[in-house]
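The values are calculated or read from the model by the stated rules, or taken from the named source; none is laboratory data. Owing to the predicted nature of the structure, the values given are computational and were not obtained by experimental measurement. Glycine also receives a Cβ, built like all others from the backbone with ideal geometry; neighbour counts cover every protein chain displayed. Note: accessible area is taken over every heavy atom of the protein model, side chains too, but ligands, DNA and RNA are not part of it. Shrake-Rupley method; radii C 1.70, N 1.55, O 1.52, S 1.80 Å.
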Amino acid sequence: MSRLSTQALTLAYEDRTVVEELDLAVPDGEVTVIVGPNACGKSTTLRALGRLLKPKSGSVLLDGAELAKLPTKRIAQQIGLLPQTPVAPEAITVADLVSRGRQPHQHWWQQWSDEDERAVSEAMARTDVADLAERSVDELSGGQRQRVWIAMALAQETELLLLDEPTTYLDISHQVEVLDLVRQLNHDKGRTVVVVLHDLNQAARYADHLVAMKAGRVVAAGPPSEVVTASLVREVFGLDCVIVPDPVTGSPLVVPGAPWKAA
């Protein structure tokens, strides 16, 4: 089953086509990771899934209805999107920023509720930013800021969560923390998550469903054990490699071929 999908989706920036005739089904209740080389269309596709980019042709479907024709508030109640480089309002505190994730659920006659308070508190606890509540977002490190943005997305409590390169600017320990959090959220809450990642080994470790893109098209999609092969890595990334089992998880691990050496 797939609540979120695309049909013959073509995306462009002015006259430059980035994604062409894309058919994609996001499996419900799973973590889907989109990988591919730079400028292959993965972030552009995620923007379209969150209705930040209007299709040139084709459509994005939510529960069978065209996303472009649905009310904005309904989409915000169903789909949470964390873009690649979000910008916080100047001098806003952590608690205030996370609280903004509740706006799609509020009404003019009831601006804040116990349910809102619970959602924000739980999101901040899950992302380990509760101790930062009164700090200005401007004062935080890159890793702390990223966790705060994820907390805001979690506070929105959507069944679908889209994350565009959430590990960018993070050191390796914080990358693992963020991806463990995504996996835990999926496992505990049954959330459907779509993540764009650069690191193929991280993608193979955390994905239930892996989508490999090249030049605006899907080259392969399925479980990492079926998608991540030496021939696929060569075709998509232009890299000769050996695939071995990850000693911790058993997922496919890409080991690059012999490095270049001077004669």
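Among all positions in segment 51-64, there is at least one residue which is more than 24 Å from M152 (Cα to Cα) and free of Cβ contacts under 8 Å to residues at least 12 places away in the same chain. Taking the criterion of being open to solvent by 20 Å² or more (accessible area, probe 1.4 Å), hydrophobic (A, V, I, L, M, F, W, C) and in contact (Cβ under 8 Å) with a residue 12 or more places away in the chain, the residues of segment 82-94 that qualify are A88, A91. Taken over segment 26-41, the criterion of being assigned to a strand (DSSP E or B) and either more than 9 Å from D208 (Cα to Cα) or open to solvent by 10 Å² or more (accessible area, probe 1.4 Å) (or both) is satisfied by V26, I34, V35. Taking first residues from segment 69-81 that are among the basic types (K, R) and partners that are outside any strand (DSSP E or B), the Cβ contacts under 8 Å between residues at least 6 apart in sequence or on separate chains come to K73/P104.
Residue-by-condition table, conditions (1) at pLDDT 85 or above; (2) part of a helix (DSSP H, G or I); (3) in contact with a Leu (Cβ under 7 Å, 6 or more places away or on another chain); (4) closer than 22 Å to S43 by Cα:
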site	(1), (2), (3), (4)
T85	no, no, no, yes
A95	yes, yes, no, no
W112	no, no, no, no
A119	yes, yes, no, no
T158	yes, no, no, yes
T168	no, no, no, yes
V178	yes, yes, yes, yes
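Of everything in segment 125-137 that's modelled with pLDDT under 90 and open to solvent by 40 Å² or more (accessible area, probe 1.4 Å), which residue is farthest from T72 (Cα to Cα)? Filtering first and then ranking leaves D128. Within segment 189-203, is there a residue that is touching a residue at least 12 places away in the same chain (Cβ under 8 Å) and hydroxyl-bearing (S, T, Y)? Looking for residues that are touching a residue at least 12 places away in the same chain (Cβ under 8 Å) and hydroxyl-bearing (S, T, Y), one finds at least one in segment 189-203, hence yes.
In segment 164-181, the qualifying residues are those that are of a type in the set (A, V, I, L, M, F, W, C) and in contact with a helix residue (DSSP H, G or I) (Cβ under 7 Å, 6 or more places away or on another chain), and the one that is surrounded by the most Cβ atoms within 10 Å (Cβ to Cβ) is L179.
Residues in segment 133-158 that are among the aliphatic types (A, V, I, L, M) and more than 17 Å from V178 (Cα to Cα): A133, V137.
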